[in-house]
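To keep things clear, I will list the structure first and then write my remarks on it.
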Amino acid sequence: MRGNVPDCTVKVPGSLAEALETLAQEPGRWRPLAGGTDLMVPFAAGRLADTHFLSLQRLDALRAIEPDDEGITFGALVTYTDLRRHPYVQRHLPNLVQSAKVTGAVAIQNRGTLGGNLVNGSPAADTPPSLLAYGAQVELTGSGGARWVPYEAFHTGYKQTVLAPEELLTRIRVAQPAAGFHFFRKVGTRAAQAVSKVCLALYARIEDGVVRECRVGLGSVAPVPLRARSVEAAILGRPLDALPLAEARAALMADISPIDDIRSTARYRRIVAGNVLVQALNELATSLNGCS
Amino acid sequence: MNGDRMRLDVTVNGQARSVQVLPMARLLDVLREELELPGTKEGCGEGECGACSVIMDGKLVNSCLVPAVQAQGAELLTIEGLARDGELSGLQRAFVACNGAQCGFCTPGMVLASVDLLRRCAHPTEAEIREGLAGNICRCTGYVKIVDAVQAAAAGRERP
């Protein structure tokens, strides 16, 4: 047994209203706990300062996956396994299936949640690049009501978000992308378990051989999951048979700000992020009418 | 639950059990220390190695990452629950027959991950086996004999 369990207090609210009330009464005191796959690691090692936990395990309403005519809404407690297996996600959001598939392995995917992956705020998480590429929105709920925020505005700095202490991230919404090109690639030490060195997701919609819509999301190359706006600008409006590869790669270098850390170096990440982008654009260029 | 113990009710290997535990105690420690089932091993304690894998409510989990409070009411299957009347399960016999264990430390987790895989997919391909066991690390062998064992069990070559 690893040391002693730190002295702490746990509440298990039976409803969202009860959870929000607890947060509102003592803002910042209660740390929400979803699947535990991130929090339990520093907690058990005695490296977590929190002593009050709000276990969300009974909030079954947040486990729903609700597709409709215009898109799909995920409850924050949807797991990676749920994402991988859902027919709508498999059909319309293949990048998100890939994200879920390369996060940990089976046991982590059964417990880890989409909402937890976002709130944990790691720039190396693997669902954020896909959510950025699909232009997702997140719902932040406090006792006074809910607000929707574009996911790309959610992270404000390393492990910092716009989530207020009295709010929970409750739902994630993705509008159904038009038929188009989807690309996802994670570069890690091995296929399973490893945390990403570089992760890139791209979605593009093509009309008459020209890129009409394009979003690129990256992980592990900046303090936050990053949308590569300059890359998108370099590609938008360009015909598939003349995509500006060098220009896009240069734009990416301006968008990202990778660092040296235990998993990789800034130099490696710059080179590999550029290579993965060029691979994505080459596959886009040779895709049939921009569909894959 | 103010730093106090809670009563945890679980069904472990078919048996109803109640223990007093701290709500944030790891399920791994509850199994080993309170329920006296030391077959589940601690490797990394960080959800990386799979040695502590058990099946909770039909799903494979890393017991080192499950706080006791989230196991309330759960049905648990550990390595101790596989043999019947002292007789190893077909999958366990396949691990023995194929030399799928060396030092044996990863074996309980490997076996539980294999049980989970074979429940979801009765006849997995080699790629499916490797993905199903990707969260379980063995530091002695290669993985070849472990994959052989799962294939043998799936093919019924080690039927009870």
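Computed from the coordinates by the stated procedures, all read-outs in this text should not be read as laboratory data. Quick caveat: nothing in here was measured; it's all calculated off a predicted structure. Cβ sites come from the backbone with ideal geometry, for glycine too, and all protein chains shown count toward neighbours.
Quick look at the values:
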read-out: Phi-based couplings in Hz for segment B:121-126 (Karplus 6.51, -1.76, 1.60; Gly and Pro marked x); value: 8, 5, 10, x, 6, 4
read-out: Calculated log₁₀ intensity ratio I(q)/I(0) where the Debye formula runs over C-alpha points of segment A:9-55, q = 0.13 Å⁻¹; value: -0.29
read-out: Segment A:60-175: equivalent-ellipsoid semi-axes (sqrt of 5 x gyration tensor eigenvalues, Cα, Å); value: 20, 16, 14
read-out: Shielding by other protein chains, A:191-202, mean Cβ within 10 Å; value: 2
read-out: Cα principal axis extents for chain B, largest first, Å; value: 51, 31, 26
read-out: Diffusion constant of segment A:1-142 at 10 °C, which comes from Stokes-Einstein with the Kirkwood Cα-pair radius and 1.306 mPa s, µm²/s; value: 98
read-out: Taking only Cα atoms of segment A:120-186, radius of gyration then Dmax in Å; value: 13.1, 40
read-out: B:GLU87, B:GLU48 arranged by Cβ crowding within 10 Å, fewest neighbours leading; value: B:GLU87, B:GLU48
read-out: Computed over segment B:38-80, Kirkwood Rh from alpha-carbon pairs, angstrom; value: 10.5
read-out: Size-normalised alpha-carbon gyration radius of segment A:153-292, reference 2.2 N^0.38 Å; value: 1.11
read-out: Cubic angstrom per residue, convex hull over Cα atoms of segment B:6-81; value: 71
read-out: Relative packing of peptides A:224-235, A:165-176, A:39-50 - highest average C-beta neighbours within 10 Å first; value: A:224-235, A:165-176, A:39-50
read-out: Hz values of 3J(HN,Hα) by residue in segment B:131-148 - Karplus curve (6.51, -1.76, 1.60), Gly and Pro given as x; value: 6, x, 9, 5, x, 10, 9, 10, 9, 8, 9, x, 9, 4, 6, 5, 4, 4
read-out: For segment A:81-94, 3J(HN,Hα) per residue [Karplus equation, 6.51 cos²θ - 1.76 cosθ + 1.60, θ = phi - 60°, Hz, x = Gly/Pro]; value: 5, 4, 4, 4, 8, 6, x, 5, 5, 4, 7, 9, 10, x
read-out: Amide hydrogen neighbours beyond the local backbone of B:VAL12, cut-off 5 Å, H modeled; value: B:ARG17, B:LEU76
read-out: Theoretical FRET efficiency, 1/(1+(r/R0)^6), r = Cβ-Cβ of A:ARG58 and B:GLU34, R0 22 Å, to 0.05; value: 0.45
read-out: Amide H contacts under 5 Å for A:ILE206, placed H, 5+ residues apart; value: A:PHE181, A:ARG212
read-out: Highest-first arrangement of B:121-127, A:136-142, where packing means the average Cβ count within 10 Å; value: A:136-142, B:121-127
read-out: Charge tally in the Cβ shell below 11 Å around A:ALA285, where Lys, Arg are +1 and Asp, Glu are -1, A:ALA285 excluded; value: -1
read-out: Inter-chain shielding of B:31-37 (mean C-beta neighbours from other protein chains, 10 Å cut-off); value: 0
read-out: Volume in Å³ per residue [convex hull over Cα atoms, computed for the protein assembly as shown]; value: 146
